[in-house]
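Report on one structure; see the data block that follows.
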Amino acid sequence: MEIDSNQIDTSPKWRSLIRDFKRLIAVSLIIAICAGAMYASTFNGGLSNDSGVWGAFGDFMGGVLNPIFAFMGLIALLLTISMQSEELNNSTKELRNSAEALMEQSKSLERQNFENTFFQLISLHNEIVSGMKKRTGSRRNGIELEGRFCFTYFYGWMKEWYDELYLENFDHLTASEHTYQKFLEEGVNTFGHYFKNLYEIFRFIDESKADDKEQYIRILRAQLSLYEEVILFYDCVHRPENDDIKGVLEKYSFFSNLDKKSLFDDIAHPEMYKPLAFGVRAETLDKTLVEETT
C-alpha cells in the first residue's frame with residue numbers, strides 16, 4: 001500500500017511512526033556493524049579465500065543478528081498495529097459522530113416539516129373560522145353573523161334549548177343529547193368543515209413523533225374561543241365517530257383551562273369526560289378521595 005507523502009508530512013502520527021522505524025533501522029545497523037567488528041577482531045579479521053571461514057562467519061552473523069532483527073521486526077509490527085488500531089478507533093469515533101450529526105439533522109428536518117404542516121393547518125383553521133357565516137331571523141330583518149360570532153350565537157341558542165328540555169324533566173344527559181341533535185340540524189352547514197379540519201389537526205399532533213405534543217396542543221387551544229371549546233366539548237361527547245378525538249382531549253388535558261360554569265351543567269356534565277381532561281391526574285384524584293373519606 002502506497003503512503004501519500006502529503007499525509008506523512010501533515011500527520012503527526014505518521015511522522016512519529018516513521019521516526020520509530022528509522023530508529024529501529026539505525027539500531028539494527030549498529031548491532032550488525034558491532035557484531036561484524038567483534039568477529040573480525042576475535043578471529044584475526046581479514047578477507048579469506050576459504051569458504052569454510054565464510055560459512056562460519058555467516059553462521060555467526062545469522063545466529064547473532066537473526067534474533068535481533070526478528071525482535072526489531074516484531075517491535076515494528078506492534079508499532080504498526082498500534083498505529084492502525086488508533087486510526088481505526090478515530091475513524092469509528094468520526095463515523096459515530098457523523099451518524100449522530102445526521103440523526104440530529106434528520107430530527108431537526110422532521111420537526112421542521114411537522115411545524116410547517118402544523119402552522120399551515122392552524123392558518124387554515126383561522127381562515128375557516130373567518131369565513132363562517134350564519135343568518136338569523138328573516139332575510140329582510142335578520143342579521144348575518146360572521147366568524148366567531150357564529151359560536152356565540154349557537155352557544156346561547158343551545159343553552160336555551162338545554163334549559164327548556166331540562167325543565168321538561170329530561171335528565172342531564174338526555175337533555176344534552178337532544179340539544180346537540182338540534183344543533184346538528186341547525187348548524188351542519190356552518191360547522192361541518194370547521195370540525196373536520198379541527199379534528200385532523202388533533203390527529204396530526206397525536207400521531208406525530210414530536211417530542212412535546214402538549215406544547216402544540218396548547219397552541220391549538222389558544223386559537224379557540226370559550227364558546228368554541230364548549231361546543232367542541234359536546235360535539236366529541238355526542239358523536240360516536242369522534243370518540244378517538246375525545247380520548248385525545250382527555251390525554252392532553254385539553255379542558256384544563258375551561259371554566260366549567262360555561263357548560264350547560266357545571267356539576268353533571270364534567271363527568272362526561274375523564275378527570276384528566278380537566279388536568280386532574282389520577283394520583284391527585286386518589287389523594288383527594290382519601291382526604292374526603294378521612
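The values are calculated or read from the model by the stated rules, or taken from the named source; none is laboratory data. Being a predicted model, the structure only gives us computed values, none of them experimental. So basically every Cβ, Gly included, is an ideal-geometry build from the backbone, and we count neighbours across all protein chains shown. What goes into the accessible areas is simple: the full protein's heavy atoms, side chains included, and nothing from ligands, DNA or RNA. Shrake-Rupley method; radii C 1.70, N 1.55, O 1.52, S 1.80 Å.
Just a few scattered comments:
- The criterion of at least 2 residues that are modelled with pLDDT of 90 or more and farther than 22 Å from Asp265 by Cβ is met, among helices (runs of 4 or more DSSP H) falling completely within region 154-239, by 172-207, 213-222.
- Whichever residue in region 158-183 is over 44 Å from the mean Cα position of the chain (by Cα) and among the aromatic types (Phe, Trp, Tyr) and, among such residues, is surrounded by the most Cβ atoms within 10 Å (Cβ to Cβ): Tyr162
- Residue, farthest from Gln223 (Cα to Cα), within region 99-137, restricted to residues that are among the aliphatic types (A, V, I, L, M) and open to solvent by 90 Å² or more (accessible area, probe 1.4 Å): Leu102
- Qualifying residue in region 203-211 (condition: of a type in the set (Val, Ile, Thr) and under 28 Å from Leu145 (Cα atoms)): no
- Conditions (1) touching a Cys at 6+ places or on another chain (Cβ under 6 Å); (2) under 21 Å from Thr152 (Cβ atoms); (3) not aliphatic (A, V, I, L, M); number of the one not met by Tyr234: (1)
- Consider region 234-271 and keep the residues that are over 23 Å from Val129 (Cβ atoms) and in contact with a Lys or Arg (Cβ under 6 Å, 6 or more places away or on another chain). The one that is most open to solvent (accessible area, probe 1.4 Å) is Asp266.
- Looking at Asn97, Asn141, just one residue is outside any helix (DSSP H, G or I) and at pLDDT below 80, and that residue is Asn141.
- Leading residue by the ranking (farthest from the chain's Cα centre (by Cα)) among those in region 201-233 that are of a type in the set (Asp, Glu) and open to solvent by less than 70 Å² (accessible area, probe 1.4 Å): Glu228
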